[in-house]
Amino acid sequence: MRTLHAAPVVRYTLGEGAVLHDGAVLHDGAVLVDGGRVAAIGPLDELRAAHPQARVRQWPGTLGPALVHDGPVPDAPTPRERIHALLRLGATAVLAEHVTDPGLRAAAERNEVAVHDDRPGPPALTEAGRADLAVFGADGACLATVLAGRLVHRRR
């Protein structure tokens with residue numbers, strides 16, 4: 001099933017950490033997700049016309065690539081809940097140095113959270129890339145997180 005994730009603003013890249021930078025911006029844009037991959041990025045109207053059977057998820061705020069969490073994983077009672085706390089922040093990846101506990105590492109792997117040995121470059125949306133997306137509100141809070149094409153967090 002294909003899904004169009006649409007927002008008033010789509011950013012192709014993010015700056016360091018959680019700070020949005022002035023990279024390429026698409027207004028009234030969308031990201032077409034097919035399975036766990038980005039199939040297309042473009043204006044919502046064009047993608048909707050080209051893919052009329054796709055489910056459309058309309059998000060407020062700014063849609064862009066999900067974050068790479070570069071600090072300690074938030075505290076929570078269980079490893080699973082700690083990984084869920086990352087997803088609520090808009091992160092779908094973490095640095096290996098912060099998941100050294102075997103239970104936490106296993107929870108990350110079970111949830112398909114990417115674990116990077118080295119600090120990767122700034123996250124970016126790319127066609128054919130893994131569909132790791134996040135939506136941020138005007139206040140910077142994460143409104144939704146998509147991990148490998150699956151909606152894993154939505155702020156109510």
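The values are calculated or read from the model by the stated rules, or taken from the named source; none is laboratory data. What you see is a predicted model, and the numbers here were worked out from it, not measured in a lab. Ideal geometry is used to build each Cβ from the backbone, glycine not excepted, and the neighbour counts take in all protein chains shown. SASA here: full protein model, heavy atoms, side chains in, ligands and nucleic acids out. Shrake-Rupley method; radii C 1.70, N 1.55, O 1.52, S 1.80 Å.
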Completion exercise
the stretch 1-93: antiparallel bridges as % of DSSP beta bridges, rounded to 5, reads 65 percent
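In the chain, what % of DSSP beta bridges are antiparallel (nearest 5)? Working shown, then result.
Working: 29 of 41 bridges.
Counting DSSP beta bridges with both partners in the chain, the antiparallel share is about 70 percent.
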Practice task
With unit charges on the beta carbon (Lys/Arg positive, Asp/Glu negative), name the residue among 71, 122, 142 whose Cα is farthest towards the positive pole of the charge dipole of the chain.
Solution key: 142
Completion exercise
Between residue 41 and residues 5 or more places away or on another chain, the pairs with built amide H atoms under 5 Å apart involve 32
Fill in the blank from the handout: Which of (1) 10.5; (2) 9.6; (3) 8.8 gives mean projected area of the Cα convex hull in nm² as computed here? It is (3)
Handout entry: Solvent-accessible area of residue 4 with every protein chain in place, 1.4 Å probe, in Å² to the nearest 10
Key = 0 Å²
Handout entry: Amide hydrogen neighbours beyond the local backbone of residue 56, cut-off 5 Å, H modeled
Key = 4
Fill in the blank from the handout: Computed over the chain, protein heavy atoms only, probe 1.4 angstrom, the accessible area per residue in square angstrom equals 51 Å²
Problem - Percent RCO, i.e. relative contact order, over the chain, from Cα pairs under 8 Å lying at least 6 residues apart - result: 26 percent
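In deg cm²/dmol and to the nearest 500, what is the mean residue ellipticity at 222 nm of the chain if only DSSP H runs of at least 4 residues count, each as -39500 (n - 2.57), divided by the residue total? Intermediate values should be presented prior to the final figure.
Numbers: 3 runs with 26 residues, N = 156.
Only helices count here, giving -4500 deg cm²/dmol.
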Problem - Extension gain, residue 139 back to residue 80 (0.36 nm per residue minus Cα-Cα distance, nm) - result: 18.6 nm
Completion exercise
Nearest 10, in degrees from 0 to 90: the angle of helix 79-88 to the longest Cα principal axis of the chain is 30 degrees
Completion exercise
In the stretch 35-79 the accessible area split gives carbon plus sulfur, as whole percent at 1.4 Å, a share of 52 percent
Completion exercise
Expressed in nanometres to one decimal, the distance between label points 7 Å along Cα→Cβ at residue 58 and residue 45 is 1.5 nm
